Amino acid sequence: MAVIAFAQSKGGAGKTTACVTLAGELCRQASESGIQITLIDTDPNQHSAGWAKKKGCPSNLILIEKSTEDTVLDDIETASSQTQFVLVDLEGTANFAVTQAISRADLVIVPCQGSEDDATEAARTIGLIRKQGRLLARKIPCCILLTRTSAAIQTRLLKLIKQDFLDSGVHILNSSLIDREAFRAVRSYGGTVNNLDPALVSGIDKAASNAKAYANDVKRMLLEANNG
Ligand SMILES: Nc1ncnc2c1ncn2[C@@H]1O[C@H](COP(=O)(O)OP(=O)(O)O)[C@@H](O)[C@H]1O
Ligand SMILES: [Mg+2]
C-alpha cells in the first residue's frame, strides 16, 4: 500500500538500480510473511522489467511491464489494492507518466550521483515534485538517494552537493548506494544481491548489507511520512 516512485530527469543516475535493489531486498525481507511487492516499469527501455523476468526473481514480486501514461494510474491503483509495496520505475525525463506517478507516490526517491549534471537534474526533479504537491495541496514526501558513492572516500564535490540539498531543505536518505559490482551484476544475472554467486562476483556481503540498510531507511521514511 506504499507507493514508491523513482524519479530523476537524468538518465543513468541510478533509478533502475535503486528500484531493483529495493524490490529485491523488500521481497527478501517479506518472503516468509507472504507479503508481495509490485514493480511497475514505465520506462520504454523496460530495464527493470528485464531484471524481473530473469531467472531467480523473487517469487513474491509481481511485475507490471510496459506501463504507459495511459495506464500508469490504473496500474498503481490496482497494485496498491493488492500488494504491500508498489515500486514505480520511471523514464529519465519529465513526461506525463512521471508526473502521474509522482502524484500518487507516498515517497519519491531521487537518485543522484556525485556529479554536477546529476545534482542539477535532481534539483529540477525535486522542483517538479514540489510543484505537483502544490497542485494537489499535499506534501509529497521525497528524498535524494546518493548513488554510486565511493566506499572509501567522500569527495569534496559530493560534500558540496549534499550541502546544497540540505540548504534547500531537501532530505537526503541516510544510506547511499555504494558503487559495487554486485549491484551491476544483479541486473545481468537476475535475482537479488544475496543470491549472487561469490565465485563470479565480489563484495556480495557488503552489497547485501548496503541493500538492507537502504531498504530499512526507506521503510523508516515511509513511517515518518505517515505519522507526520
Ligand atoms: N550502486 C551502483 N553500483 C554499481 N553500478 C551502478 C550503481 N548504480 C547504478 N549503476 C550502473 O550505472 C548505470 C546506470 O544506472 P541505472 O540504474 O540504469 O540508471 P537509470 O535507471 O537512472 O538510467 C548502469 O550501468 C548501472 O549498472
Ligand atoms: Mg532506468
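Couple of notes before you dig in:
- The single residue among 94, 49 that is aliphatic (A, V, I, L, M), surrounded by fewer than 24 Cβ atoms within 10 Å (Cβ to Cβ), within 16 Å of ligand 1 (Cβ to nearest atom) and modelled with pLDDT under 95 turns out to be 94.
- The residue that is modelled with the lowest pLDDT, counting only those in the stretch 113-122 that are over 16 Å from the mean Cα position of the chain (by Cα) and polar (S, T, N, Q), is 115.
- Subset of the stretch 195-211 (residues that are assigned to a helix (DSSP H, G or I), crowded, with 17+ Cβ neighbours inside 10 Å and out of contact with any Ser or Thr (no Cβ under 9 Å at 6 or more places or on another chain)): 204
- Of the residues making up the stretch 72-91, just one is open to solvent by 50 Å² or more (accessible area, probe 1.4 Å), away from ligand 2 (no atom under 13 Å from the Cβ) and not in a helix (DSSP H, G or I), namely 84.
- From the options 124, 184, residue that is part of a helix (DSSP H, G or I), farther than 27 Å from residue 223 by Cβ, out of contact with any strand residue (DSSP E or B) (no Cβ under 7 Å at 6 or more places or on another chain) and within 16 Å of ligand 2 (Cβ to nearest atom): 184
- Only one of 92, 50, 12 that is on the phi > 0 side of the Ramachandran plot and of a type outside the set (A, V, I, L, M, F, W, C): 12
- Candidate set: the stretch 101-112, residues that are surrounded by fewer than 23 Cβ atoms within 10 Å (Cβ to Cβ) and not charged (D, E, K, R); chosen: the one nearest to the chain's Cα centre (by Cα): 107
The values are calculated or read from the model by the stated rules, or taken from the named source; none is laboratory data. Computed from a predicted model, the values in this text were never measured in an experiment. Counting neighbours? That spans all protein chains shown, and the Cβs are built from the backbone with ideal geometry, glycine included. All accessible areas refer to the heavy atoms of the entire protein, side chains included, with ligands and DNA or RNA removed. Shrake-Rupley method; radii C 1.70, N 1.55, O 1.52, S 1.80 Å.
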